[in-house]
Amino acid sequence: MQTFIAECRRKNKRIGFVATMGALHKGHCALMHRARKDNDVVIASIFVNPTQFGPTEDFQTYPRTFEHDVGMLAYENVDALWYPTVKTMYPYPPATAMDIPSLTQTMCGVSRPTHFQGVLIVVAKLLNIVQPDVAYFGQKDFQQARVIETMVRDLNIPTRIVMCPIVREHDGLAMSSRNVYLSLTERKQALCLWHALSYAQTLVTKRKVRRVSIIEHAIKKIITDEASDAYIDYIAIRDAKTLQECTAIAPRQHIVIALAVFVGKTRLIDNILARA
Ligand code: AMP
């Protein structure tokens, strides 16, 4: 990878990078597509990063579809793929700990207390290895994108971070590698996230609802009415920049409405942006 990068740099090529855990779908492809449009060289990585999974989470069973992924990357005209082994990325357990407590101890960080520390370590390593000019991340993992933007800013990493919109199935379900875990009934119930989020967005933008508790209540009702197998991990209505909580949405404030919901055993996340 270093030889390849050195050659690209010597030729003054602009490098775009997309980090993934594989099991690629159209959401990933949209990031590659954007990277292709903006850059001379596109590099993707596939690495199921053990340090971002909790001890009881799905690291072992996370879908791995390497042949299929390589086909998708070829289709998207990606120039190089970095798919290291765990031993290559972590020849020894990292002694460095990274954290951004103001962003990681809330929302997904509550039920996944070590997740973002693992994300920070692996993304810092990947950005140092690939040295891209621009790296593309999905709004699907909104909190993750904010955490990475902050790390890059704080550590003067010379990569620009671009957040790309969520790609959805025809009926609104956010594409995710974990959607394959859903049974047919769960797949139907999983739509409650999209229904609740779009309704909440309408409440903010059209009906001018400002009180956060009213919006939370409406979201909860849609989820419980539509999905008997759903368990709400969190509903978060936050400032879109800082992820700070608020009780009322201020005029012209940009907010993110984010959800994590277990449908059966599968934990799904989704979010939508709104401006008051
Ligand atoms: P993952 O392979 O799940 O780690 O995701 C790799 C990148 O793809 C992350 O930046 C995700 O936010 C992004 N991504 C995953 N699903 C989607 C989606 N449905 N739409 C847009 N980006 C996505």
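The values are calculated or read from the model by the stated rules, or taken from the named source; none is laboratory data. Model, not experiment: these values are computed from the prediction. With ideal geometry, Cβ positions are generated from the backbone for all residues, glycine too; neighbour counts draw on all protein chains shown.
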task = Name the one entry in 104, 114 that is surrounded by 15 or more Cβ atoms within 10 Å (Cβ to Cβ), under 13 Å from residue 150 (Cβ atoms) and among the polar types (S, T, N, Q).
result = 104
query = Restricting segment 231-247 to residues that are out of contact with any Ser or Thr (no Cβ under 9 Å at 6 or more places or on another chain) and more than 14 Å from residue 142 (Cα to Cα), which is modelled with the lowest pLDDT?
reply = 246
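Every residue, every condition in (1) touching a Pro at 6+ places or on another chain (Cβ under 9 Å); (2) in contact (Cβ under 8 Å) with a residue 40 or more places away in the chain; (3) of a type outside the set (A, V, I, L, M); (4) within 13 Å of the ligand (Cβ to nearest atom), yes or no:
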{"site": "95", "(1), (2), (3), (4)": "no, no, no, no"}
{"site": "100", "(1), (2), (3), (4)": "no, yes, no, no"}
{"site": "106", "(1), (2), (3), (4)": "no, yes, yes, no"}
{"site": "112", "(1), (2), (3), (4)": "no, yes, yes, no"}
{"site": "118", "(1), (2), (3), (4)": "yes, yes, yes, yes"}
{"site": "123", "(1), (2), (3), (4)": "no, yes, no, yes"}
{"site": "133", "(1), (2), (3), (4)": "yes, yes, yes, no"}
{"site": "138", "(1), (2), (3), (4)": "yes, yes, yes, yes"}
{"site": "145", "(1), (2), (3), (4)": "no, no, no, yes"}
request  = State whether one or more residues within segment 17-32 are away from the ligand (no atom under 13 Å from the Cβ) and surrounded by 15 or more Cβ atoms within 10 Å (Cβ to Cβ).
outcome  = no
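Residue by residue through segment 242-276, note down the ones that are among the basic types (Lys, Arg) and free of Cβ contacts under 8 Å to residues at least 60 places away in the same chain.
Taking segment 242-276 first, the residues among the basic types (Lys, Arg) are 252, 265, 267, 275.
Scanning segment 242-276 gives a single hit, 252.
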task = Evaluate segment 69-79: report whether one residue or more is touching a helix residue (DSSP H, G or I) at 6+ places or on another chain (Cβ under 6 Å), more than 18 Å from residue 27 (Cα to Cα) and away from the ligand (no atom under 14 Å from the Cβ).
result = no
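Quick one: would you say residue 152 is surrounded by fewer than 19 Cβ atoms within 10 Å (Cβ to Cβ), in a helix (DSSP H, G or I), in contact with a helix residue (DSSP H, G or I) (Cβ under 8 Å, 6 or more places away or on another chain) and of a type outside the set (Gly, Ala, Ser)? Walk me through it before giving the result.
Numbers: surrounded by fewer than 19 Cβ atoms within 10 Å (Cβ to Cβ): yes; in a helix (DSSP H, G or I): yes; in contact with a helix residue (DSSP H, G or I) (Cβ under 8 Å, 6 or more places away or on another chain): yes; of a type outside the set (Gly, Ala, Ser): yes.
For residue 152, the condition - surrounded by fewer than 19 Cβ atoms within 10 Å (Cβ to Cβ), in a helix (DSSP H, G or I), in contact with a helix residue (DSSP H, G or I) (Cβ under 8 Å, 6 or more places away or on another chain) and of a type outside the set (Gly, Ala, Ser) - is met.
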task = Filter segment 55-93 down to the residues that are without any contact (Cβ under 8 Å) to a residue 24 or more places away in the chain and aliphatic (A, V, I, L, M), then identify the one that is surrounded by the most Cβ atoms within 10 Å (Cβ to Cβ).
result = 70
query = Which members of segment 155-209 meet the condition of being touching a helix residue (DSSP H, G or I) at 6+ places or on another chain (Cβ under 8 Å), among the small types (Gly, Ala, Ser) and under 14 Å from residue 274 (Cβ atoms)?
reply = 196, 200
query = Can you find a residue in segment 34-50 that is away from the ligand (no atom under 16 Å from the Cβ) and among the basic types (Lys, Arg)?
reply = no
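Among 176, 183, 228, which is within 22 Å of residue 143 (Cβ to Cβ) and among the hydroxyl-bearing types (Ser, Thr, Tyr)?
On the way: 183 fails: within 22 Å of residue 143 (Cβ to Cβ); 228 fails: within 22 Å of residue 143 (Cβ to Cβ).
It is 176.
Restricting attention to segment 127-143, report how many residues are within 16 Å of the chain's Cα centre (by Cα) and more than 20 Å from residue 165 (Cβ to Cβ). Reasoning before the result, please.
Start the filter on segment 127-143 by keeping residues that are within 16 Å of the chain's Cα centre (by Cα), which leaves 135-143.
Narrowing further to those that are more than 20 Å from residue 165 (Cβ to Cβ): none.
Number satisfying all stated conditions: 0.
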remark   = Residue hits (segment 211-239; of a type in the set (A, V, I, L, M), free of Cβ contacts under 8 Å to residues at least 40 places away in the same chain and under 24 Å from residue 100 (Cβ atoms)) are 212, 235, 237
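Step by step: first the residues of segment 154-177, then only those that are of a type in the set (S, T, N, Q) and over 13 Å from the mean Cα position of the chain (by Cα), then the one that is farthest from the ligand (Cβ to nearest atom). Which residue is that? Write out each step before concluding.
Quick first cut of segment 154-177, residues of a type in the set (S, T, N, Q) only: 156, 159, 176-177.
Still in the list and also over 13 Å from the mean Cα position of the chain (by Cα): 156, 159.
Numbers: 156: 22, 159: 14 Å.
Once the filter is applied, the top-ranked residue is 156.
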